[in-house]
Amino acid sequence: MIKVGIIGATGYAGAEIVRLLYSHPEAEIIWYGSRSYVDERFASIYKNMFKLVEDKCLDDNIVELSKQVDVIFTATPQGYLAGVLTEEILNNCKVIDLSADFRIKDVATYEKWYGIEHKSPQFIEEAVYGLCEINRDKEKKARLIANPGCYTTCSILTAYPLVKAGLIDTDTLIIDAKSGTSGAGRGAKLPNLYCEVNESIKAYGVTSHRHTPEIEEQLGYACGKEIMLNFTPHLVPMNRGILVTEYANLVKTDGKLPTKEEVMKAYHDMYDSEFFVRVLNYGECPETKWVEGSNFVDVSCMIDERTGRIVMMGALDNLVKGAAGQAVQNMNIIFGLDEKMGLDFAPMFP
């Protein structure tokens, strides 16, 4: 049985880890870390866990926690883990971090986009970017996993096959993304109040969203060169879900555009062996309602022959595959378990 500790257990992503691991046959949570709710019962904060979780929340003493568990999930704000991580902690247990502290390999880029000093850059190089479908072999021996976020997971997986196959001009890539409000976290913020969000949709972080360099870096690895793209997120009035619509020019060969069979082959070649990435029929539009509550990502595309561009589409649940589910998938890989363990349930509808 894998002993698990969670720092940030009472945020949305942390609580989702609790929900997923409750039914995991090989994992046991022994530390519900929450700076805000020390000594309060976890089930009094999240009453969906009433009579399921009897434990009280503990503090965030990560050094002591590392001595008691096999793996720590840190579902914390940017800067927390970088500020406390030590060699001792990594020698004691595995760490799966849901923040961006170790996702970006260039320290200067991280500090520029996140506006904070990185306190432990010595661990960046060894951290493995935990996008399971791309880096699972690197993860198997990792001590530190940088768990990707929701926007990045959906954006990268939607475009990755065509970027890797050289079928699109990456200099023309534009990503339009929409998220439910849980992606902003559980903290009280005026822009996320019901009356502010309901019956509205808005763009934010235009030209400056901090997930941009992460997407550029990972897609750059796919094609072996640096990428610069436009990424624009939007907030929509729903609890869960990410929908991305991505646009790029197709690359002509002998004066001809790739066919729909060629672009779909790129998707199928990459994802047919991946349980959690579902390639829809050509031209079928993914919908957030068909992945809600699950660890699945639905992807598809359609060629616009009039403009010579392709429209790529993807959808996932931001709290599951976009956060907690991917973190559990990473845990399964690290400990040599079936990747689907505790995660192979159908999306919920309605």
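Laboratory data are not the source of any read-out in this text; all were calculated from the coordinates shown. Please read these numbers as outputs of a predicted model, since none were measured by experiment. Glycine gets a Cβ as well: all are built from the backbone with ideal geometry, and neighbour counts include every protein chain shown.
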Going by amide H atoms built from the backbone, whose H comes under 5 Å of the H on TYR129, apart from near neighbours?
ALA146
Spatially proximal lysines relative to LYS265 (Cα-Cα < 18 Å; intrachain offsets below 8 disregarded):
LYS164, LYS252, LYS256
If you bin the C-alpha pair distances of the chain every 20 Å from 0, what whole percents do you get?
31, 59, 10, 0
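Take the alpha carbon gyration tensor of segment 88-160, find the square roots of its eigenvalues, order them as a ≥ b ≥ c, and report rounded if a/c is under 1.5; if not, report prolate when a/b exceeds b/c, else oblate. Let's see the in-between values first.
Numbers: a/c = 2.10, a/b = 1.07, b/c = 1.97.
Since a/c reaches 1.5 but b/c is at least a/b, the shape of segment 88-160 is classed as oblate.
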Taking every C-alpha to C-alpha distance in segment 1-46 and binning by 10 Å from 0, the per-bin percentages run 28, 59, 13
So what is the orientation-averaged projected area of segment 151-317, using the convex hull of its C-alpha atoms, in nm²?
10.2 nm²
Give the lysines whose C-alpha is closer than 23 Å to that of LYS141, dropping any in the same chain fewer than 8 places away, or say none.
LYS3, LYS67, LYS94, LYS105, LYS321, LYS340
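What ranking, highest mean first, results for peptides 323-335, 246-258 when packing means the other Cβ atoms within 10 Å averaged over each residue?
Numbers: 323-335: 25.7, 246-258: 15.0.
The densest-packed peptide leads the list: 323-335, 246-258.
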Please work out, to two decimal places, the log10 of the ratio I(q)/I(0) at q = 0.12, 0.16, 0.23 Å⁻¹ from a Debye calculation in which every Cα of segment 250-350 carries one identical scatterer.
-0.48, -0.75, -1.15
Förster radius 45 Å - calculated FRET efficiency between GLU40 and THR245, Cβ distance, rounded to 0.05
0.60
Of the chymotrypsin sites (Phe, Trp or Tyr not before Pro) in segment 249-289, which ones lie in a loop per DSSP and count no more than 16 other C-beta atoms within 10 Å?
PHE275, TYR282
Pop a pseudo-label 7 angstrom from the Cα along the beta-carbon direction at both LYS138 and ASN198 and give the gap in nm to one decimal.
4.4 nm
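With only Lys, Arg, Asp and Glu charged, each at its Cβ (+1 for the first two, -1 for the last two), find how big the charge dipole of the chain is about the Cα centre; round to the nearest 20 debye.
420 debye
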When the Cα centres of segment 155-187 and segment 275-350 are compared, how far apart do they sit, in Å?
12 Å
In segment 195-227, which residues have a backbone nitrogen under 19 Å from the label point lying 7 Å from ASP106's Cα in the Cα-to-Cβ direction?
207-227
Calculate, axis by axis, the spread of Cα positions in segment 18-162 along the three principal axes, and write the results as whole Å, longest axis first.
46, 33, 29
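Which of the peptides 283-295, 152-164 is most tightly packed, and how do the rest follow, going by the mean number of other Cβ atoms within 10 Å of each residue? Walk me through the numbers before you get to the answer.
Values: 283-295: 18.9, 152-164: 26.5.
The most tightly packed comes first, giving 152-164, 283-295.
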Whose amide H sits under 5 Å from the amide H of ILE2, counting only residues 5 or more places off or on another chain, with H placed in the peptide plane?
ALA27, GLU28
Across segment 328-336, in residue order, what do the Karplus-derived ³J(HN,Hα) couplings come to in whole Hz, using 6.51 cos²θ - 1.76 cosθ + 1.60 with θ = phi - 60° and x for Gly and Pro?
5, 4, 5, 4, 4, 5, 4, 9, x
J(HN,Hα) series, segment 250-259, from Karplus relation 6.51 cos²θ - 1.76 cosθ + 1.60, nearest Hz, glycine and proline x
6, 8, 7, 10, 6, x, 10, 6, x, 8
